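As structure tokens, the structure follows; a few thoughts come after it.
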Amino acid sequence: MTNPYLPMQAEVIERIQESPNMYTLRLRFTDPATQATYSFEPGQFNMLYLYGVGEIPISIVSDPKDEHIIDHTIRAVGRVTNAMSSLNVGDVIGVRGPYGRGWPLLEAEQRDVVVVTGGLGCAPVVSVLNYIANRRERFGKLNIVQGVKHTCDFIWRERYDHWRELPDTRVLLAADDGEPIWPFHIGRVTDLFTQMEFNREHVIVMLCGPEGMMRVVVKYMLEQGVAGNKIWLSMERNMQCGIGHCGHCQYGGKFVCKDGPVFSYEELKPLFGKRGF
Amino acid sequence: MLEQRGYTCIGPQVREQAIQYDVIHHIDELPRGVSDDQAPGHYRLKNSGHERYFAWANGPQALKPLVFSPSEPLWQSANETKGQIKFQEILPEKKPLAVIGVRSCDIAALYIHDKHFLQHGYRDPCYLARRDELLLIAVNCTHPAKTCFCVSTGDGPSAHYGYDLLLTELDDGFVIQAHTEKGISVKQQLHLSAVTAMQLEALDRAMAQSKQQQRHLPSKDLSYELMENLTHPRWEEIANRCLSCGNCTSVCPTCFCHSEVEEPALDGTHSVHFRQWDSCFSQKHSYIHGLTIRPDTSLRYRQWMMHKLGTWHQQFGRSGCVGCGRCITWCPVGIDFTEEARIICEGKEYD
């Protein structure tokens, strides 16, 4: 029996500073056999371990078809993420995963897609957007909506520029408080909703970001007549084991780490937006 | 005899004025002639006035710490050479344990932990290593405490499954039943006499009497009632008394929450990754980058009760409460879980 708690060694192949406090670690398992057999779905996460400091759950942002590298984009907010930000190319860390249930990408095929993110929320869906961009013909209209607090939180501008060039694709960006050079909407991301184009009968909505933002989008989508089981949300809770044992991530009867982190609104409905869960 | 078979024996004994389970070598170490007095926030040992060995209800702990350790290393890492971390799993030492005096409530809790750690997805190697080594010698509970309510949860006072050997203590000895091959082989080595009809009658009488318990829980999934009462004023009222100390979750035989902690060696050569019991009453339990999901005691108590009596049914197909009453006895302010559940779900206090 392999020990599910034991990390595997991985090397930092590249490190990208995305914004003043966000960075991407591009990783590869040092054992080639481990790298060769590793596979994941967009929306899943890994537990990353920094020697002597601890472990944290981080979603995977690279394309699942990329066999050589696994990308994680991290915001330095806590003890472990701050310490990890000083890693350099050639350093090694521990990785175990992937864990959880990812986005319903097969179900999304042939449908219009709406992806709404807020803050760093974009990280767990970047792999979805890359996935769709690389298989564009399999999906209907694509709407990419991203809201940030400050313009400096907006990362991956060139990727958004690239997505904007895809056929039948709208990229809608908003910043609560913008600088003069910000060419997009200044104000709430909700102001942009009317510019989305989708058929409410044939759409999949994917949300990621602060729960307050997701609540607003869910409400809007339900009002538009989108069914609750076609709205999907990536949830975040305290996670320490990643395998459904430690109990911290419980959301009602669900373990976010193994039953999620991606859930349909239908599954979350009884508790969603209620304080204390 | 069990030691000759390679078992380390764990049994109840009086330690720090409570019945505790620890290594035992001789029958004289059992709490003979000892009884207990339990009430909300109250635990005292007393003289039982007779010579029985098991004339008491459960103390603060029994099986849980033996299979799910309060603190244990999971693995360690070493970076002897730069650019390389060596990971090494740490498993508990294989040690056959014979546990004497296990009650039915704790067996029910053990079966819940079996589901949680072994049957739902990933198997937990530390739990498995300890669980595999257990020989369980159960005792039918003839002296439930005033805080016990296992009859209402369906988990006692008689043990019906999960043990290797089962004892029922009578005034003139023990009735012994074996349930597994391991249990039968141990029993065969004992010099036993056949049980008499009178002894069986005495057994039935004792167990019938033991079913007379003062407290009870509604024995059904309370998800609906709890969801309907998310803002019941009683949650705040409880929070005014609750110290958020986590005693209830420590003594609860079904609580499984734990946190993972890193302990780097002072010389920097290696680092050990531990897990240790955690509690949903702690501030950090629901912390997520700058936000605490349950900052108030009322939300934490609600989380604990909703999990035990509501969402546990979704996760494990049964309630998370086995009626042992420990959370009532060991609550420093004597909050009575059964009464709070009745008030919130049924609007009724005890008479």
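For the modelled label position 7 Å from the Cα of A:ASN21 along Cα-to-Cβ, which residues of the range A:127-159 have backbone nitrogen atoms closer than 12 Å?
Of the residues in the range A:127-159, A:150, A:153 have backbone N under 12 Å from the label point off A:ASN21.
Gaussian network model of chain B, Cα springs within a sub-10 Å range: biggest mean-square fluctuation belongs to which of B:GLN213, B:GLN314, B:GLN13?
Result for chain B, Cα springs under 10 Å: B:GLN314 fluctuates most.
So for chain B, averaging the separation of alpha carbon pairs under 8 Å that are six or more residues apart and normalising by length, what relative contact order in percent results?
Contact order relative to length: 20 percent.
By the gyration tensor of its Cα atoms, with a ≥ b ≥ c the square roots of the eigenvalues, what is the shape of the range B:132-204: rounded for a/c under 1.5, prolate for a/b over b/c, or oblate? Please report the intermediate quantities before stating the final value.
Details: a/c = 2.43, a/b = 1.21, b/c = 2.01.
Note, shape of the range B:132-204 comes out oblate.
Using R₀ = 60 Å, calculate the FRET efficiency as 1/(1 + (r/R₀)^6) where r is the Cβ-Cβ separation of B:LEU91 and A:ARG136; round to 0.05. Before the final figure, lay out each step's value.
Numbers: r = 49 Å, r/R0 = 0.82.
Once the sixth-power term is evaluated, E becomes 0.75.
Lys and Arg at +1, Asp and Glu at -1: add these up for the other residues within a Cβ distance under 13 Å of B:SER259 and post the number.
-4
What aspartates and glutamates could a cross-link reach from A:LYS269, if we take a straight Cα to Cα line under 18 Å and drop same-chain neighbours fewer than 8 places away?
Hits, sequence-local ones excluded: A:GLU211, A:GLU223, A:GLU236, A:ASP259, B:GLU225, B:GLU228.
If you count, for every residue in B:220-229, the Cβ atoms of partner chains within 10 Å of its Cβ, what is the mean?
1
Can you give me the relative contact order of the range A:8-99 as a percent, contacts being Cα pairs under 8 Å and 6 or more apart?
Result for the range A:8-99 is 39 percent.
When we measure straight from the Cα of A:LYS274, which lysines land under 22 angstrom away, once same-chain ones fewer than 8 places off are left out?
A:LYS219, A:LYS230, A:LYS254, A:LYS258, B:LYS284, B:LYS308
On C-alpha positions alone, give me the angle between the axis of helix A:122-134 and the longest principal axis of chain A, in degrees, nearest 10.
In chain A, helix A:122-134 runs at an angle near 80 degrees to the longest axis.
Net charge around B:GLN283, counting only other residues with Cβ within less than 13 Å of its Cβ (Lys, Arg = +1; Asp, Glu = -1)?
+1
Between A:PRO32, A:PRO104, A:PRO42, which gets the highest mean-square fluctuation from a Gaussian network model of chain A, Cα cutoff 10 Å?
A:PRO32
Name the shape class, rounded, prolate or oblate, that the alpha-carbon gyration tensor gives for chain B, where a ≥ b ≥ c are the square roots of its eigenvalues, rounded holds for a/c under 1.5, and otherwise prolate holds if a/b is larger than b/c and oblate otherwise.
The shape class here is oblate.
Going by C-beta contacts inside 10 Å, put A:SER59, B:SER259 in order with the fewest on the left.
Lowest to highest Cβ neighbour count: B:SER259, A:SER59.
Please arrange A:SER86, A:SER19, B:SER158 by counting, for each residue, the other beta carbons lying within 10 Å of its beta carbon, fewest first. Can you show the working numbers first?
Numbers: A:SER86 11, A:SER19 16, B:SER158 19.
In increasing order of surrounding Cβ atoms, one gets A:SER86, A:SER19, B:SER158.
What ranking do B:THR180, B:THR153 get, fewest neighbouring Cβ atoms within 10 angstrom at the top?
Details: B:THR180 14, B:THR153 21.
Result, fewest neighbours first: B:THR180, B:THR153.
Measure nothing fancy, just the Cα-based angle from helix A:211-223's long axis to the longest principal axis of chain A, in degrees from 0 to 90, nearest 10.
Once rounded, the angle reads 40 degrees.
Using the basic label-point model (7 angstrom from Cα toward the beta carbon), what is the B:THR292 to B:ALA78 distance in nanometres?
Distance between the two pseudo-spin positions: 4.0 nm.
Given a cut-off of 28 Å, name the pairs among B:LYS95/B:LYS146; B:LYS64/B:LYS211; B:LYS146/B:LYS348 whose C-alpha atoms lie farther apart than that in the structure shown.
Pairs exceeding 28 Å: B:LYS95/B:LYS146.
For A:LYS230, what charge total do you get from the other residues with a beta carbon under 11 Å from its beta carbon, if Lys and Arg give +1 and Asp and Glu give -1?
-2
What's the average, rounded to a whole number, of partner chain beta-carbon atoms within 10 Å of each residue's beta-carbon in B:115-127?
Numbers: counts 0, 3, 2, 0, 0, 5, 9, 12, 6, 6, 6, 2, 1.
Other-chain Cβ atoms within 10 Å of each residue's Cβ, averaged: 4.
Could you work out, residue by residue across A:104-113, how many beta carbons of other chains sit within 10 Å of that residue's beta carbon, and then give the average as an integer?
Partner Cβ neighbours, averaged per residue: 0.
Just so you know, all these numbers are worked out from the coordinates, no wet-lab data involved. Nothing here was measured: the structure is a model prediction, and the numbers come from that model. Please note: Cβ atoms are built from the backbone with ideal geometry, for glycine as well, and neighbour counts cover all protein chains shown.
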